[in-house]
Amino acid sequence: MSFDIIVTSSVSYIKSKDCGYCHSEKDPIESGYSLDSYRNEYKRQQVEELKEYPNNATIGFTIFLCSPQCYEQLMNRGFRRSGSFLYRPDLLRNCCRLYTIRTNLGFIKHPSKGQRHTINRFEKFIKDEDGKDIKKGKHVPGKPFNIKEHILNLEKDVNPSRFRTEICSTEFSKEKFALYKKYQTRVHKDKPEKVSVNSFKRFLCQTPFARQFSKHSEKYWSNLNTYWKSGTFERSRPDDILGPIHECYYLDDKLIAIGVLDILPHSLSSVYFIWDPDYAHLGLGNLSALHELVLTKMLGKEYYYMGYYINDCPKMNYKAKFGGEILDICNRKYVSLDQAASFVEQGRLAVFQDSDNKYSVNVPLNELEIDDSVIGQFDPDAVLTNVAEEIYGTNGGAFQKVAATVSKICLKLPALQVLNLEAYRQAEYWEDGEGLLSLPMVSPGLIPLWQMNEWIDDGIFKRLIRNVYLYDGDQSFERFDADKDWQKLREVFDLLRLLGPKVFEKPILFTI
């Protein structure tokens with residue numbers, strides 16, 4: 001039997017005082033809370049539970065195997081990967097609002113002056129050093145600046161020993177690690193002793209994708225490097241080109257940058273980018289984003305996923321320069337950055353409601369139903385409102401019926417009857433669900449408990465968990481039986497809330 005995903009550990013809800021994005025440097029009161037009501041409640045009452053936040057709050061688990069198709073589905077639920085660790089933030093409790101962002105060349109109708117300058121500066125640098133006399137890269141008014149054409153010409157017009165990019169496997173090499181260590185210690189100020197070979201392998205070499213997507217012949221890599229620049233893949237079958245890659249940038253045969261990327265059925269996803277700090281003046285980070293946009297197009301993929309966008313974090317909000325759209329994980333729809341800009345300022349949580357879906361301010365909104373059938377976009381002409389406060393605020397509808405819903409679930413699934421309802425008073429909504437699962441009872445993007453209750457009543461829950469298999473540690477597995485394996489039901493219940501029903505429509509192997 002083949003599995004789309006093999007989960008090798010239970011789901012973890014990780015709280016930490018250190019945020020890898022803002023490093024707890026921003027004012028936690030003024031800009032850390034996801035919603036004004038929580039900030040105002042803390043200011044008013046100095047509630048201890050609220051004082052514990054905002055900090056880093058991440059939901060994650062390790063995966064042994066995940067198909068490219070499955071990973072792309074999970075990206076559209078807000079997930080990213082670090083090696084084989086899959087994670088996403090708890091947007092309600094995290095100190096930063098991390099929105100999945102994707103774009104393509106179509107979003108950049110008029111390249112900015114900065115984007116033109118980045119390409120022209122690099123072009124001048126490599127051609128001047130190559131002994132060629134070229135004009136300074138000035139934009140001619142009225143003449144469109146073609147990003148695709150300029151990026152492709154960077155390698156066509158120079159000797160490959162001067163500048164080239166090479167797509168290769170994610171396998172470890174001493175050359176790659178040396179550049180990684182140099183980057184981490186000089187750019188991110190990591191202590192040299194903390195930057196190890198093993199950490200590099202876990203982070204940027206290890207992947208959850210099956211061997212068929214990562215282990216290829218020399219001919220495969222040679223063809224890939226030759227054909228993407230000619231547009232052969234763009235016109236053929238892009239779904240045949242799948243798997244993790246390292247794209248290496250060479251200057252005078254020296255490795256100066258590495259793009260760590262996943263080629264997925266409909267997209268190219270950026271995992272990480274490393275560059276040599278000796279060449280900081282070349283703007284390699286911006287150049288790589290433009291390069292990867294072109295690579296996305298030439299491989300015949302629809303979207304370039306840039307990771308997370310954080311409006312109030314300088315190291316993450318630069319991504320807005322490349323246009324695109326961000327994910328509303330509650331609606332499972334993307335909204336253009338232009339539409340979303342005013343709603344996500346100062347790191348606020350946004351749950352969008354379009355003009356076709358009116359709501360009453362007198363009736364608190366519950367969490368929205370999660371529909372995995374399609375990933376859509378909000379109409380670019382729609383009038384949007386933000387209903388995050390009405391759903392997730394201190395008086396929001398999401399929390400008002402939680403206790404009653406949980407009681408109903410526990411009656412139907414006795415294995416979950418370990419909940420102390422008193423632990424979920426109004427002032428303690430920040431708690432992480434201790435006593436029931438490892439997840440919060442309410443969190444944006446999780447399958448709402450009321451919806452889980454309906455699935456139990458409708459038989460959907462029973463049908464979905466029939467696709468779960470348990471690994472017994474002896475090179476064999478067996479189908480999950482809720483009656484026999486009742487002690488594991490909490491973790492399976494958790495996983496369904498987190499991953500959604502679409503992943504459970506195919507066999508899934510779970511080691512607890």
Worksheet item: So, in Å, what gap is there between the alpha-carbon centers of region 242-318 and region 435-491?
Response: 37
Worksheet entry | ³J(HN,Hα), Karplus 6.51/-1.76/1.60, whole Hz, each residue of region 105-117, x for Gly, Pro | 4, x, 7, 9, 6, 10, x, 6, 4, x, 5, 5, 5
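Tally Lys and Arg at +1 and Asp and Glu at -1 over the other residues with C-beta under 9 Å from the C-beta of Leu261: what net charge comes out? Don't skip to the answer; put the middle values down first.
Values: positive: none; negative: Glu247, Asp262, Glu292.
That sum, taken over residues with Cβ under 9 Å, equals -3.
Using only the Cα atoms, work out Rg/Rh for region 261-311, with Rh taken as the Kirkwood radius, to two decimals.
Details: Rg = 12.0 Å, Rh = 11.8 Å.
Using Cα coordinates only, the ratio equals 1.01.
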Fill in: Surface per residue (accessible, 1.4 Å probe) for the chain, Å²
45
Fill in: Inter-label distance, nm, simple model (7 Å from Cα along the C-beta direction), Asn223/Asn395
6.4
Worksheet item: About its Cα centre, how strong a charge dipole does the chain have in debye, to the nearest 20, once Lys and Arg get +1 and Asp and Glu get -1 at the Cβ?
Response: 1620
Worksheet item: Local charge sum around Tyr304 (other residues, Cβ-Cβ under 10 Å, Lys/Arg +1, Asp/Glu -1)?
Response: +1
Worksheet item: How high is the relative contact order of the chain, given as a whole-number percent (alpha carbon pairs under 8 Å, six or more residues apart)?
Response: 19
Worksheet item: What is the antiparallel percent of DSSP beta bridges lying wholly in region 258-332, to the nearest 5?
Response: 65
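How much of the accessible area of the chain, probe 1.4 Å, is carbon plus sulfur, in whole percent?
On the way: 11170 of 23120 Å².
Result for the chain: 48 percent of the exposed heavy-atom area is carbon or sulfur.
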Item to complete: Please list the non-local residues whose amide H lies under 5 Å from the amide H of Phe163, H modeled 1.01 Å from N, same-chain partners needing a gap of 5 or more.
Response: Asp252
Worksheet item: Under the definition of Cα pairs under 8 Å and six or more residues apart, what whole-number percent is the relative contact order of region 273-416?
Response: 17
Worksheet item: Going by alpha carbons, how many degrees (0 to 90, nearest 10) lie between the helix axis of 402-412 and the longest principal axis of the chain?
Response: 80
Item to complete: Round to the nearest 10 and give me the degree value, 0 to 90, for the angle of helix 174-186's Cα axis relative to the longest principal axis of the chain.
Response: 70
Practice prompt. List the lysines whose Cα lies under 20 Å from the Cα of Lys506, skipping any in the same chain that are fewer than 8 positions away.
Written response: Lys462, Lys488
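Step through the table entries Lys189/Lys315; Lys215/Lys301; Lys156/Lys319; Lys109/Lys301; Lys26/Lys176, compare each Cα-Cα distance with 23 Å, and write down the pairs that go over it.
Details: Lys189/Lys315 15 Å; Lys215/Lys301 21 Å; Lys156/Lys319 28 Å; Lys109/Lys301 18 Å; Lys26/Lys176 34 Å.
Going by Cα-Cα distance, Lys156/Lys319; Lys26/Lys176 fall outside the 23 Å limit.
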Worksheet item: What angle, in degrees between 0 and 90 and rounded to the nearest 10, separates the Cα long axis of helix 147-156 from the longest principal axis of the Cα atoms of the chain?
Response: 50
Worksheet entry | For the chain, the Rg and Dmax computed from alpha carbons only, in angstrom | 24.1, 79
Worksheet item: What percent of all Cα-Cα pairs in region 67-126 falls in each 5 Å bin, counting up from 0?
Response: 4, 13, 15, 15, 12, 11, 17, 11, 3, 0
Response to the item:
At the level of C-alpha centres, the distance separating region 156-181 and region 12-35, in angstrom, is 36
Worksheet, complete the sentence: Given backbone amide H placed at 1.01 Å from N, residues whose amide H is under 5 Å from that of Gly307, ignoring those fewer than 5 places away on the same chain, are Ile101, Ser270
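The values are calculated or read from the model by the stated rules, or taken from the named source; none is laboratory data. Since the model is a prediction, treat every value here as computed from it, not as a measurement. As a convention, Cβ positions derive from the backbone with ideal geometry for all residues, glycine included, and neighbour counts pool all protein chains shown. Heads up: the accessible areas ignore ligands, DNA and RNA and are worked out on the full protein's heavy atoms, side chains in. Shrake-Rupley method; radii C 1.70, N 1.55, O 1.52, S 1.80 Å.
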